[in-house]
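Take a look at the structure set out below.
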Amino acid sequence: MRLAVSLLVLLAIASIIGTVLNQQQPYEDYALKFGPFWFDVFRDLGLYNVYRTNWYLAIVGFLVLSTSTCLIRNTPRMVREMREPDMTMTSAYDPLGMANKTEIISSLPMDSATHMVTAVLRGRGYRPRLHDRGDGSMVIIGRKGRYSRIGYILTHAAIIVFCAAALYNADIPVKLAMLVGSTQPENNFHIPLSKVSKAAWLPVGNPAYRGTVTVPEGQSTQVAYELVGNGYLVQPLPFRIMLRRFHVSYYSTGMPKDFISNIVLYNKQGKVLKEANVRVNHPLSYEGVQIFQASFVDGGSLLKMKRYMLNNPSAGAIHQEGRVGQAVDLSGTTYTLKLKNFSLDNVVPAAAIESVPAGDQQHINLGPSFTSIAQSGSGSGAEFKTYMQPISKSGQSYFVQGVRTAFGTPYQYLFIPTGPNGSIGLFMKYLSALQKQATVNSGENNKSYVLNTFRQVIARNAPAMTPDAEAYFQSAISAILQLKAYPVPFIVTLTGFDHRWAAGLEVTKWPATIVIYWGCAVLVLGIFILFYLPQRRLSVVLRALTEGTEVIIGGTSSRNPYEFTKEFDGLVTRLRSVLKNQDDQKENNDG
């Protein structure tokens, strides 16, 4: 029992960790979240996949073994006691050793007292049995709740059932295959499926698995990926999953409110097996496989961009296109631009950008944005978050871009004023004119040419802006000062996009799950029986006296002793009443 309780406590702690800490995520995410030291500690403890670590499975296995041993040893005796209760007079039925006890002296002869006590016990639901000690004393033993032992059997059997089912769901054959080396996870996440090693492929008939897959709109897949450490295994599916449509709705704060995937399942011949809408907590089930809605990301949206060269702003904008997840070659530079992600909406508190919202709304939607990583051949680079729509602040519109040179650090934001057409083209023309004028005024410490150059650019390119030129001028100078710390020689803006969603799906096959549910139901029933159908024992010893009978009463209960004490006191009161001599009762009545 002590071993079983200790194992249950360990399992409870492990289950709490597995619930709080998101399981089976890429190692990069954990390293970013916990830092290098704690990442290594948690990895060595197996906390990133608690339910399939060797120590967790060993605890579950020992718990099954321990509980099975208890059940095998005790069940025959308990069944025998329930069928034919063992009412043999032993120390367990010694009234002086019970929790509740009292003594009554009756003037009735022993035979009459024995008859009265037997009748009272039977009336209270006990099945009394008489034992003659052979020394002139008599023992009456009674018991209620003999079937409370069923609760013990059910609770232990339930623990065995759902722990064994959990072991089955843990896919032990795959772990054994990895142990002997016939199955090896693939560590390269960037190779196509056709290049994945055969050792990383699991069998189609794998009895249990839990994998994830990301499916863009209009595309399909027939495999799921199970993360194992810093690699993955490929699990073929018995059908093809196609994402026909994806829809997401938001709260006013920008948090996702609901996201729905319209999924179609096909067999190898292209026949539709099932179609359903999958949303959070509403999976699609087909032949023992469940498909859950887990997340959503960009599915490879086509982005249309303009690139402005800071070291040659007079060259004008260069048009570029690329899909999210791909790298764009930036001609004329040593950089490549990897398009990391695209977001259709960006809702932020209005105070964060010092903007006054319309009406009583406290949040502003900044519109579409994309994140990208610029990497040079020498290894230097930076990450950017670029917003498509200009942001209005203090009456001036700005192009906004977040910049950071180290992953995980906060973005530093660049604000470049936009011209009448909402682009930074006017600013780039001013920057180009300044660079040319700076060459002419080389060596001079004169600020007049900065303002004069600005006036010339405005008069030539945006004469309608003359009344607001001063505010634009101040914003442009601030932006130029910011560009001194800008890590790359170009600025990329977003001009258009062809958006495509991708649904993150979790595909599971846990055939023993239904067994676990039934095991939990049996466990609840067993606990209910243990708590609300306790076993209660009474023992009454009667000894003949010179005049009357000595009656010693004892009682105990396996549960709820306070409630039993009240029942015992009521029983004693009843026995005191019936054990009075009939003549005494008559005198009391006449008096």
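The values are calculated or read from the model by the stated rules, or taken from the named source; none is laboratory data. As the structure is a computational prediction, the values presented were derived from the model and not from experiment. Every residue, glycine as well, gets a Cβ built from its backbone with ideal geometry; the counts of neighbours run over all protein chains shown. For the accessible areas, the whole protein counts, side chains as well, though only heavy atoms, and no ligand, DNA or RNA atoms are used. Shrake-Rupley method; radii C 1.70, N 1.55, O 1.52, S 1.80 Å.
Kindly indicate whether any position in the range 48-62 is part of a helix (DSSP H, G or I), among the hydrophobic types (A, V, I, L, M, F, W, C), without any contact (Cβ under 8 Å) to a residue 40 or more places away in the chain and crowded, with 17+ Cβ neighbours inside 10 Å. I'd like the intermediate steps shown before the answer.
Pass one, the range 48-62, residues part of a helix (DSSP H, G or I): 48-52, 54-62.
Remaining after also requiring among the hydrophobic types (A, V, I, L, M, F, W, C): 50, 55, 57-60, 62.
Adding the requirement that they be without any contact (Cβ under 8 Å) to a residue 40 or more places away in the chain leaves 50, 55, 58.
Still in the list and also crowded, with 17+ Cβ neighbours inside 10 Å: 50.
Checked the range 48-62: at least one residue is part of a helix (DSSP H, G or I), among the hydrophobic types (A, V, I, L, M, F, W, C), without any contact (Cβ under 8 Å) to a residue 40 or more places away in the chain and crowded, with 17+ Cβ neighbours inside 10 Å.
Quick test for you: out of Ala224, Ala208, Ala199, pick the one residue that is within 26 Å of the chain's Cα centre (by Cα) and at pLDDT 90 or above. Walk me through how you get there before you give the answer.
Details: Ala208 fails: at pLDDT 90 or above; Ala199 fails: within 26 Å of the chain's Cα centre (by Cα).
From the options Ala224, Ala208, Ala199, the qualifying one is Ala224.
So, of the residues in the range 248-265 that are part of a loop (DSSP other than H, G, I, E, B) and exposed (fewer than 14 other Cβ atoms within 10 Å of the Cβ), which turns out to be farthest from the chain's Cα centre (by Cα)? Steps first, please.
Residues of the range 248-265 that are part of a loop (DSSP other than H, G, I, E, B), as a first pass: 251-255.
Subset that is exposed (fewer than 14 other Cβ atoms within 10 Å of the Cβ): 251-253, 255.
Working: Tyr251: 22, Ser252: 25, Thr253: 23, Met255: 18 Å.
Out of the qualifying residues, it is Ser252.
If we keep just the residues of the range 199-232 that are under 20 Å from Trp510 (Cβ atoms) and β-branched (Val, Ile, Thr), which is most open to solvent (accessible area, probe 1.4 Å)?
Val204
Which members of the range 488-520 meet the condition of being more than 30 Å from Met242 (Cα to Cα) and open to solvent by 50 Å² or more (accessible area, probe 1.4 Å)?
Thr495, Val515, Tyr517, Trp518, Cys520
Which residues, taken from the range 330-353, are under 13 Å from Phe490 (Cα atoms) and either in a strand (DSSP E or B) or free of Cβ contacts under 8 Å to residues at least 40 places away in the same chain (or both)? Step through it out loud before you land on a result.
Going through the range 330-353, the residues under 13 Å from Phe490 (Cα atoms) turn out to be 330-337.
Once the filter is applied, which keeps residues that are under 13 Å from Phe490 (Cα atoms) and either in a strand (DSSP E or B) or free of Cβ contacts under 8 Å to residues at least 40 places away in the same chain (or both), the range 330-353 yields Ser331, Gly332, Tyr335, Thr336, Leu337.
Please verify whether the range 295-314 includes one or more residues that are touching a Ser or Thr at 6+ places or on another chain (Cβ under 6 Å) and more than 30 Å from Leu483 (Cβ to Cβ).
No, the range 295-314 contains no residue that is touching a Ser or Thr at 6+ places or on another chain (Cβ under 6 Å) and more than 30 Å from Leu483 (Cβ to Cβ).
Kindly indicate which of Ala113, Ala92 is aliphatic (A, V, I, L, M), part of a helix (DSSP H, G or I) and modelled with pLDDT of 90 or more.
Ala113
Give the range 521-566 a look and list any residue that's closer than 22 Å to Ile104 by Cα, β-branched (Val, Ile, Thr) and buried (at least 16 other Cβ atoms within 10 Å of the Cβ), or say none.
Val540, Val541, Thr549, Val551, Ile552, Ile553, Thr556
For a quick check of your reading: which strands (runs of 3 or more DSSP E) sit entirely within the range 266-325 and have at least 3 residues that are touching a residue at least 12 places away in the same chain (Cβ under 8 Å), open to solvent by 30 Å² or more (accessible area, probe 1.4 Å) and touching a Pro at 6+ places or on another chain (Cβ under 7 Å)? Let's see the steps before the verdict.
Numbers: elements: 272-279, 284-286, 289-298, 302-309, 318-323.
No strands (runs of 3 or more DSSP E) qualify here.
Would you pick out the residues in the range 181-209 that are farther than 29 Å from Ser301 by Cβ and in a strand (DSSP E or B)? Steps first, please.
Step one: of the range 181-209, the residues farther than 29 Å from Ser301 by Cβ are 181-185, 197-209.
Scanning the range 181-209 gives Trp201, Tyr209.
Of everything in the range 11-22, what is within 14 Å of Leu45 (Cα to Cα) and either loosely packed, with under 11 Cβ neighbours inside 10 Å or not small (Gly, Ala, Ser) (or both)? Give them in sequence order.
Of everything in the range 11-22, those that are within 14 Å of Leu45 (Cα to Cα) and either loosely packed, with under 11 Cβ neighbours inside 10 Å or not small (Gly, Ala, Ser) (or both) turn out to be Ile13, Ile17, Leu21.
Could you give me the residue pairs with C-beta distances under 7 Å whose first residue belongs to the range 199-228 and is without any contact (Cβ under 8 Å) to a residue 12 or more places away in the chain, whose second residue is surrounded by 20 or more Cβ atoms within 10 Å (Cβ to Cβ) wherever it lies, and which are 6+ apart or on separate chains?
Nothing qualifies.
Residue under question is Ala4, and the condition is that it be in contact (Cβ under 8 Å) with a residue 60 or more places away in the chain and either open to solvent by less than 80 Å² (accessible area, probe 1.4 Å) or under 15 Å from the mean Cα position of the chain (by Cα) (or both); does it hold?
On the way: in contact (Cβ under 8 Å) with a residue 60 or more places away in the chain: yes; either open to solvent by less than 80 Å² (accessible area, probe 1.4 Å) or under 15 Å from the mean Cα position of the chain (by Cα) (or both): yes.
Spelling it out, Ala4 is indeed in contact (Cβ under 8 Å) with a residue 60 or more places away in the chain and either open to solvent by less than 80 Å² (accessible area, probe 1.4 Å) or under 15 Å from the mean Cα position of the chain (by Cα) (or both).
Could you tell me which residue of the range 385-399 is farthest from the chain's Cα centre (by Cα), considering only residues that are over 24 Å from Phe497 (Cβ atoms) and open to solvent by 70 Å² or more (accessible area, probe 1.4 Å)?
Gly395
Which condition from (1) among the hydrophobic types (A, V, I, L, M, F, W, C); (2) farther than 30 Å from His247 by Cβ; (3) touching a Ser or Thr at 6+ places or on another chain (Cβ under 9 Å) is the one that Val213 breaks?
Tallying (1) among the hydrophobic types (A, V, I, L, M, F, W, C); (2) farther than 30 Å from His247 by Cβ; (3) touching a Ser or Thr at 6+ places or on another chain (Cβ under 9 Å), Val213 fails exactly one: (2).
I need the full set of residues from the range 92-114 which are more than 15 Å from Ile552 (Cβ to Cβ) and exposed (fewer than 13 other Cβ atoms within 10 Å of the Cβ), in order please.
Asp111, the sole residue that qualifies.
What residue, of Pro128, Pro173, Pro185, is modelled with pLDDT of 85 or more and open to solvent by 30 Å² or more (accessible area, probe 1.4 Å)?
Values: Pro128 fails: open to solvent by 30 Å² or more (accessible area, probe 1.4 Å); Pro173 fails: modelled with pLDDT of 85 or more.
Exactly one residue qualifies, and that residue is Pro185.
Take the conditions out of contact with any helix residue (DSSP H, G or I) (no Cβ under 9 Å at 6 or more places or on another chain) and assigned to a loop (DSSP other than H, G, I, E, B) and apply them to Asp135. Does it pass? Explain how you work it out, then say what you get.
On the way: out of contact with any helix residue (DSSP H, G or I) (no Cβ under 9 Å at 6 or more places or on another chain): yes; assigned to a loop (DSSP other than H, G, I, E, B): yes.
The answer is yes for Asp135.
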